[in-house]
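**Q** Below you will find the structure I want to go over with you.
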Amino acid sequence: MDPFTLGAGFGFGALLVGIIFAVICHTLAKEKGRSSGWWGLLGFLTTFIALVVLVLLPQRVRA
């Protein structure tokens, strides 16, 4: 089992990307004077929304 993805194809890696994206969104929102907490949360959740979309996409057939 791959320790980075926890054997699921995503897992710890997705969590790490979500946290990094949340920190980036939080920082940008703070610089622009917006609600940095909400933007950080939205940045974190965007990663998992993308993962749900990837899971729901049809499988590619490899030749």
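**Q** Heavy-atom accessible area per residue, segment 9-52, 1.4 Å probe: how many Å²?
**A** Numbers: 3010 Å² over 44 residues.
Value for segment 9-52: 68 Å² per residue.
**Q** FRET efficiency for Arg62 and Val23, Cβ-Cβ distance as r, R0 = 30 Å, nearest 0.05? Spell out each step's value before the answer.
**A** Working: r = 36 Å, r/R0 = 1.20.
That gives a FRET efficiency of 0.25.
The values are calculated or read from the model by the stated rules, or taken from the named source; none is laboratory data. Quantities reported herein were computed from a predicted structural model and do not represent experimental measurements. Because the Cβ atoms are built from the backbone with ideal geometry, glycine has one as well, and the counts that use them run over all protein chains shown. When the accessible area is computed, the model is the full protein with side chains, heavy atoms only, and any ligands, DNA or RNA have been set aside. Shrake-Rupley method; radii C 1.70, N 1.55, O 1.52, S 1.80 Å.
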